Each structure stands twice: as C-alpha cells, then as structure tokens.
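Some notes on the structure that comes next.
The values are calculated or read from the model by the stated rules, or taken from the named source; none is laboratory data. Everything numeric in this text was worked out from a predicted model, so none of it was measured. Please note: Cβ atoms are built from the backbone with ideal geometry, for glycine as well, and neighbour counts cover all protein chains shown.
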Amino acid sequence: MNKPWMNAALPVEARIDALLEVMTPAEKIGQTQQVRNINPSHADALRAGSIGSALFASGAWAGNERDGGVRLQALHAMQRVAVEESRLGIPLLYARDVIHGHRTVFPIPLGQAATWSPDLVRAGARIAATEAAAEGLHWTFTPMLDIVRDPRWGRVAESFGEDPHLCGELARAAVRGYQGDDLAHPESIAACAKHFAAYGGAEGGRDYNTVDIGPRSLRDTYLPPFRAAVRAGVATVMASFNEIDGMPVTAHRELLRQTLKENWGFDGLVVSDWNAVAELIAHGVASDRRAAGKLALDAGVDIDMVSNIFLEELAGLVESGDVSASALDDAVRRILRVKFRLGLFEQPMRGHADPDTVFLQAPFRQAARQAAAESLVLLENRDGLLPLRADTKRILLTGPLASADQALFGTWTLDGLAGDVVTLEKALREGLGKDVDLRVKPFVDEALLHARSCDVALVCVGEHPSRGGEANSVVSLELPAGQTEILEALHRIGLPIVAIVIAGRPLDLSRVRSYADAILFAFHPGVEGGHAIADVLLGHHDACGRLPMSFPRHGGQVPLYYNHKSTGRPLPPNQHVHARYADSSDAPLYPFGYGLGYTRFAYGTPRLSAEEIPTDGELRIDIDITNHGDRPGIETVQVYVRDLCASVTRPVRELKSFARVALVPGETRTLAFAIQAADLAFSGPDLRARVEPGEHHLWVAAHALAGEPVAFRLTGPVVYPDPGA
Ligand code: GLC
C-alpha cells in the first residue's frame, strides 16, 4: 500500500489528511478507544485497528494503588503488533500518570507550588519526562491545574494551589518541561492539562461532588491556568468528572468545543477521565450508553478512557446520522496530530535501550533535593530555634514519619521505590557531626524517657499519602489521631520542640502551634525529602517555601482563600476583634504566600512608573529589597492588586506578579515588575473580559495579608483585550 502519510517531509496537516482519506469508519473509531494496561489479549483488536491508545494504571483510583510498573519490552511488543500487523500501521499512544516524577520522585505538585519557582517546576517536569520516555511512555496525565480552596479534598495534593496567577505560571513551566521545544525529542512526552474544569470546586471538599459556581467564577478563577497551558502549547487536555451548574464537563459542549477548541484555538486532543463517558448515565443526563457516547463526542471529547462506549456505539451513531462524520473526523484528526507531533510514525519504538541507566542520575537526585528543600515552609520559629545550633549535641527524633520512606513520596507515586528514599533519620546521621547523639525513638513513651536528657526534640508528624489523593477527602483537618498528643506529652517535659509536619494538604495546626516552638511544613517531599528536611534543619539551605494555599485555624472555616470578595460588610483589618464566627477569628492561621526564613528582609516603598496608566497601558513597579539578617536567604516578593470599584464585585487582593530573590546579609536589590493593564481584565456584566478605568491599590508584600497599599488609577475607555476569553 502507498502510504503518503509516512512522508515526514510533508506538513503534519497534509499527513493527517492523507491518512484520514484511507481510514475506514471502524479504523477512525479505533483511534478514539483507550484501553487500560494493554497486553497480548488485545492483539486482535490491534490488528483490526480498534485501539488508539493505552494508559498504564492500577485501576480507577490509581493514585494510591501500586501496580507492577511499566516495562519497555512489553510496550514495544504491543506497539509492534499495532504498527506491523494492522492495515494502516498507526502507532499507539502510551500514557501514564507521571504526576510528580517517575523514578526520581519530586515533591507533590502542591509542594512544588510552595517553591514559587517556575524554573524548579520545569526542571522537575523535564526529568520526569526523560525517565518516563526512557521507559517507552509518550504521554503523562499532568499538570493538574485545578484551583483549590478546600483542603478537605484529597486532590489538593496534585494541584498548584488556590491562586490563578501562580497556578498559571507553574502550568506554563510544567508544560514546557514535559514537552520541551519538540514533542518528537526522545526525552519529551505529551503533557495533559487537567481536570478541565473547576473540579476543585467540589462542594464539601467531597471528591466528584457537584460544582455549583457562576460563569464569572469559572472564567476568572478556574479557567486561567488552563488558558496558560494552552498558550504554552499543551498537547492534550483531560475533561473533568464533575458537573458545573448542571452540566457534566464530559458533555459540556460550550466548555470543550466552544471555549477550549474554538475560542482558545486549542488544536490538541481532549481525553475523558476514567470511565467518565459512561458516568454521564449516573449523572442523569444520558439514558443509556449510546446517548452517553453521542453527548461526549458532540461536546468535544476525542478519546474515551476505558468505558468502551465510543468503540461500541459510534459506528451506529454515525450511520444513523445522530453523530456527524465530521465530528468523528475532528476527533481523529486531533489524535493523529498528537501522534505525528510526537514523531511516533517515524519512531514508534521510543525508549532507552537500558532505562535503568537513566533513572535517579546524580543530577536528577540533586534537582529533587533542591526542589524539596525549597518547598519546605517554616511556619513558626520561636527564639530562632532553627536552624539547629552547632552546639546541639543530643537530639531526639520521634514521631510516626521519623523514619518514613515511601510515605515521603505522597499520592500519585506509581514508579518511585521505597529503597530509593533517603529517610530523615539517614539524612540527619549524614549531616550531623560524629559528636552528636541522635536518638531515634519511635515509641512516644520511650521518647519521653529520653526527652529529659536531650537538647531538642524533632517530632515528625503528618499524613500517610493514602489519606489524600483521589477519592480521599477528610472531614477533620487536624493531625491524624494520636499525633497531637505526642507533641503535648513532649511539651510537658519542657524541651524545645520542632514539629516537622509532612502532609498532602493544608492542616489545622492550631494545637500543634501551642506545643511546638518551631514548625517546618513539608508537602510530601519525595525521594530526597529526608536530605531536604535535614538541609533546612541544619541551616545548609534557607527555609524559603511560601504557602500556595491558605492554612485555616479550624476546619470549620473552609473553603478559605485570600482572594475573596469584600462583601457588603467587610471585616476590618483587626481580625481577632471582629469576626463572623462566634467561636473563631475569620483569618487564616497562615495566609497564602506566607513563610518564614532564617534571615530578615526589609521592603522599601514601591516606586510606580506612573499614578495613572491607560486601560491598554503598562505599570512598572520598582522596589528595593534588603537582607537585614546575618544569613543569606531567598525571599519571594509578591505583587497584589485590588480594583476598588468596578461593574462587578472584585477580590480584595489578586496576585499579579512575583519574583524570588536571593540576597546575602546586607545586600539590597532593586526588583522591577511590569503589570499590563490587560492583566487586570475580568469578566464584566456581559461576561466579556474587560479592563475598566478606575482606582486600584497595589501591594508589594511578603504574603497576602502583608504590606501597605499604594494607589494608581486606570484611565480611558473600557477595553476588551481578549476576544478569545
Ligand atoms: C483518575 C484521575 C485522573 C487520572 C486518570 C488516569 O481517575 O481522575 O486524574 O489521570 O484517572 O489514571
């Protein structure tokens, strides 16, 4: 057979046209079919061209279930059947949830967000892609870009937090890390912006629950990170399980076809979430599988993940005219486009001859160690207890995570091995001098006996990863049962206590704060988490993480987020005097953007380029930051803006820019920020993205509750900077 689509000199679109022209309806439908864990039992279906892609996952809740991993030879064996034994030889797409590392496991994405470092996120994604590609994978189902405001939801662990700007910056970095500049590069894999959209708005923090938000919240809070990913060239998008105000996203034509594909110009593919096409029946919008298949394809779903509905129903739907042949062609075109861009037609057997030589290379471990160290957030440090003084000679290490290995990985770690982990105990023994007596006493009663003769207690508490992730929401945000009591018991002894909290979500640390003199918070830090925590405890690395999510003082406060609206009865700044709760302050225990360090930074007065800028102009801000302490440090300088009066209500603050700066003692650096008026756009009464004239406040601050505002004004007409919004 003449196969003009195999001519790599042709433009991709011409190759797609040539292939589409000869494909039968059955072969087209086969491309939309995604199976789980492909194996020799699928050989006949491959020969018939009835499978287009496969994901490797343990099951519907893959995030907390280990499977046997993937093996290059097995992937190549099935690819060989698809390419050499089917009529057209269209290669398979292989996918896996490589969420925060393959064998070199990085901090969970919420921890990576705590670094506020697009560079670290991009480097981690590149390493994950290199390792996953070495093992024959082409596609990862990440970055997860759900905006999250409710820590009861276990999947906050996979997110980049509560802020659209921070999440958007990290989305861009992650996509570029996974995909590189060329999807066909042997170390690149296709990324997947998920879960599109607003899955994080699940009521009650209950996974899969109803999302009941208005169109303005959808556009201005939940969609921006996905727009950033699309602008960064993300190859795929995953439709989310949830409904939005009555419409399940898997059947949401306005969101998938109108907004994502037409308005934003997304030319990649949309994959459903696990069995989500079939779940339209449970949602109550499809009477049967055939109806569900029609809804999903019409809405803009291109690949059906494991429900088999597209495979079983699309032929009849197209023949009967219930689904247009052009809708099927559009789906197949998008799938083939990703495959051509990945270079799979030229190199279907992607992978490294010996993947084990690629994994956990020293530079990869070092990158994971740096990311983990910069993800750690110092929440309390009374009397400068940390970093531990050089004359600290007797250290008690206790608590359920003191010697944890796999528990440091966090949820969605499918290929990391416990034996690769450097535990905190091991890292401390490496980092402490031989004259230091490190006593590791996991049993609290034995720990109490030793506490009297130790200088400090390091108490490792927190969550096992299985308490978070998918389908694992919690009602209580306090530490798991029994852990606060460990701190309480040691507190009664009277020695200084460092609480090292390792978790996958913000927790209510109100009681922890009353017992511990220092609190170092680690979002499950990954394979080098032990080294990273020791590096910060011992002062080998500054404590520089900043919170990507607000921490409540009680679980009863959630959902809780910094960029809230003023309401008609706003709270005065003196939070503990006024509150809407009879039994609590309204304020977070630790706000978005918060974190302590080992030095002190002074912020100068922001200098604006003008007090008035046109609604299509640019505002430049300079500010001097000084390290007034006696140690080097890294500060994350945050720029917030408030629109004081607009045609709709606006948040009391919105992050619009940030920069990290490393300063040595006594050093002053001038930071320059530029904010485009277009960055201040919002959905007006007509839901069109607009920039309005009017008074604004701006803060350059260390976190979302810090700093004093400076005023500026936008002048001129209302402008509409973003027709695609
Ligand atoms: C899961 C998750 C999704 C994941 C997919 C494949 O249910 O919702 O994030 O990528 O199925 O494992």
For Asp181, only one of the following conditions fails: (1) assigned to a helix (DSSP H, G or I); (2) without any contact (Cβ under 8 Å) to a residue 40 or more places away in the chain. What is its number?
(1)
Assuming Leu619 fulfils every condition listed in (1) surrounded by 19 or more Cβ atoms within 10 Å (Cβ to Cβ); (2) under 18 Å from His703 (Cβ atoms) apart from one, which condition is it?
(2)
Filtering region 133-177 down to residues that are charged (D, E, K, R), assigned to a helix (DSSP H, G or I), away from the ligand (no atom under 16 Å from the Cβ) and within 13 Å of the chain's Cα centre (by Cα) yields Glu169, Arg172
Taking the condition modelled with pLDDT of 95 or more and surrounded by fewer than 13 Cβ atoms within 10 Å (Cβ to Cβ), does Asn2 pass?
no
Taking the conditions exactly as written (within 30 Å of Leu19 (Cβ to Cβ), within 12 Å of the chain's Cα centre (by Cα) and either touching a residue at least 60 places away in the same chain (Cβ under 8 Å) or within 16 Å of the ligand (Cβ to nearest atom) (or both)), does Thr130 satisfy them or not?
no
Name every residue in region 245-296 that is away from the ligand (no atom under 16 Å from the Cβ), over 24 Å from Pro224 (Cα atoms) and part of a loop (DSSP other than H, G, I, E, B), in order of residue number.
Gly284, Val285, Ala286, Ser287, Asp288
Residue tally, condition over 30 Å from Asp97 (Cα atoms) and not acidic (Asp, Glu), over region 443-496:
28
Flagged in region 565-603 as among the hydroxyl-bearing types (Ser, Thr, Tyr), crowded, with 17+ Cβ neighbours inside 10 Å and modelled with pLDDT under 95, in numbering order, are Ser585
For region 229-244, how many residues are crowded, with 23+ Cβ neighbours inside 10 Å and either part of a loop (DSSP other than H, G, I, E, B) or within 15 Å of the chain's Cα centre (by Cα) (or both)?
8
Could you tell me how many of the residues in region 458-491 are small (Gly, Ala, Ser), buried (at least 18 other Cβ atoms within 10 Å of the Cβ) and closer than 20 Å to Leu408 by Cβ?
3
Evaluation of Asp322 against (1) part of a helix (DSSP H, G or I); (2) touching a helix residue (DSSP H, G or I) at 6+ places or on another chain (Cβ under 6 Å); (3) free of Cβ contacts under 8 Å to residues at least 40 places away in the same chain; (4) among the charged types (D, E, K, R) (one fails), failing number:
(1)
Within region 211-219, can one find any residue that is within 17 Å of Ser473 (Cα to Cα) and within 16 Å of the ligand (Cβ to nearest atom)?
yes
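Here's the yes/no breakdown for (1) more than 21 Å from Ala610 (Cβ to Cβ); (2) of a type in the set (Asp, Glu); (3) in contact with a Phe, Trp or Tyr (Cβ under 6 Å, 6 or more places away or on another chain); (4) in a loop (DSSP other than H, G, I, E, B):
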site: Val639; (1), (2), (3), (4): no, no, yes, no
site: His696; (1), (2), (3), (4): no, no, yes, no
site: Glu708; (1), (2), (3), (4): no, yes, no, yes
site: Pro721; (1), (2), (3), (4): no, no, no, yes
Given the condition closer than 23 Å to Leu255 by Cα and small (Gly, Ala, Ser), answer yes or no: does some residue in region 360-372 qualify?
no
Any strands (runs of 3 or more DSSP E) falling wholly within region 385-486 and containing at least 1 residues that are charged (D, E, K, R) and touching a Lys or Arg at 6+ places or on another chain (Cβ under 9 Å):
394-398, 437-440
Give me the pairs, please: first residue somewhere in region 89-118 and closer than 18 Å to Gly343 by Cα, second residue anywhere and within 16 Å of the ligand (Cβ to nearest atom) and assigned to a loop (DSSP other than H, G, I, E, B), beta-carbon distance under 6 Å, and either six or more positions apart or on two chains.
Leu93/His138; Tyr94/Leu137; Tyr94/His138
Given Ala659, Ala677, which one is within 29 Å of Ala113 (Cα to Cα) and buried (at least 20 other Cβ atoms within 10 Å of the Cβ)?
Ala677
Given the conditions (1) within 22 Å of Trp153 (Cα to Cα); (2) touching a strand residue (DSSP E or B) at 6+ places or on another chain (Cβ under 8 Å), report the number of the one that Pro224 does not fulfil.
(2)
Against the condition buried (at least 19 other Cβ atoms within 10 Å of the Cβ) and out of contact with any Lys or Arg (no Cβ under 9 Å at 6 or more places or on another chain), how does Pro606 come out, does it pass?
yes
